[in-house]
Amino acid sequence: MLRENLKDVEDRVARACARSGRNRDDVLLIAVSKTKPVEMIDEIYQEGVRDFGENHPQEIRDKFPQLPEDIRWHMIGHLQTNKIKYIIDRACMIHSVDSFHLAEAISKAAVKNSLIMPVLIEVNMAGEASKSGVAPEDTEALIRQAAQLPGIHIEGLMTIAPYTENPEENRIYFREMKKLNIDIGAKNIDNVNMCHLSMGMTGDYEVAIEEGATMIRVGTGIFGERSYAR
Ligand SMILES: *Cc1c(COP(=O)(O)O)cnc(C)c1O
């Protein structure tokens, strides 16, 4: 069943790329495996997927030793500074940096581990009170400040669009985030390369691809419904 789900997602991704004149290789599919057992992750791994997303640091820590070493683990959820130690040498990227305080703590941990952590800045494009993320108008200032820290490399923006039945309603947020990314990229800030837009989930990834997503994060569409909300 998972294989069919993945094939359906892959077909939709390919069609969205074709519609918008983009190369399939320019959009990375991240399979969001939060709450799902390693057996299911392995099934998707066997189909060739290497990028998996988790939103709890402990889940990356626990799944990491049970699965192949060439998996790239993306930390996509809200991150508390005291949990950075679980993922600093396991995650390939942290998508959810939304404060200087967090950037600073990641920087310290990265320096201690002699590595450079790629990060994205999470932006709350729709201004939802329930969501984390920095306001669009504060994004550049945070990037300028965080770019001076050692051990991290800023590579773009991430957003979680509002939950909606109609993905077209989120098109405006994806479009505005792409514009924000271009505007900040044009400032040529040292140690910043705004090459990634992590946007689009099961309900809206096709629209996100049409609006320029370079990374989509698909959970339910591949693994099915989660048994408890996270
Ligand atoms: C759970 C989650 C996803 C995937 O959500 P689906 O709707 O199941 O595809 C994507 N991004 C983040 C940050 C998540 O927490």
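The values are calculated or read from the model by the stated rules, or taken from the named source; none is laboratory data. Keep in mind the model is a prediction, meaning the values are calculated, not measured. When we count neighbours, we look across all protein chains shown, and the Cβ atoms used for this are built from the backbone with ideal geometry, even at glycine. Surface accessibility is based on the protein's heavy atoms, side chains included, excluding ligands, DNA and RNA. Shrake-Rupley method; radii C 1.70, N 1.55, O 1.52, S 1.80 Å.
Taking every protein chain into account, the 1.4 Å probe leaves LYS187 with about 100 Å² of accessible area, to the nearest ten.
A cut-off of 5 Å between modelled amide H atoms, ignoring neighbours fewer than 5 places along the same chain, links ASP51 with ALA31, ARG72.
Under the combined filter of DSSP loop state and at most 15 neighbouring Cβ atoms within 10 Å, the stretch 1-93 retains these GluC sites (Glu not before Pro): GLU47, GLU69. Take each peptide in 139-146, 87-94, count the other Cβ atoms within 10 Å of every residue, and average; sorted highest first, the result is 87-94, 139-146.
Among the chymotrypsin sites (Phe, Trp or Tyr not before Pro) found in the stretch 68-167, those both in a DSSP coil and sparsely packed, with 13 or fewer other Cβ atoms within 10 Å of their Cβ, are TYR163. Before I look further, what does the stretch 4-119 give for accessible area per residue, probe 1.4 Å, in whole square angstrom? Ligands and nucleic acids excluded, the figure is 48 Å² per residue. Computed with a 1.4 Å probe on the full set of protein chains, the accessible area for VAL13 sits at about 0 Å². Straight-line cross-link reach from LYS83 at under 19 Å between alpha-carbon atoms covers these lysines, not counting any fewer than eight positions away in the same chain: LYS34, LYS63, LYS108, LYS112.
Candidates CYS195, THR159, GLN148 compared by Cα position along the dipole of the stretch 78-230: farthest toward the positive end lies GLN148, with charges placed on Cβ.
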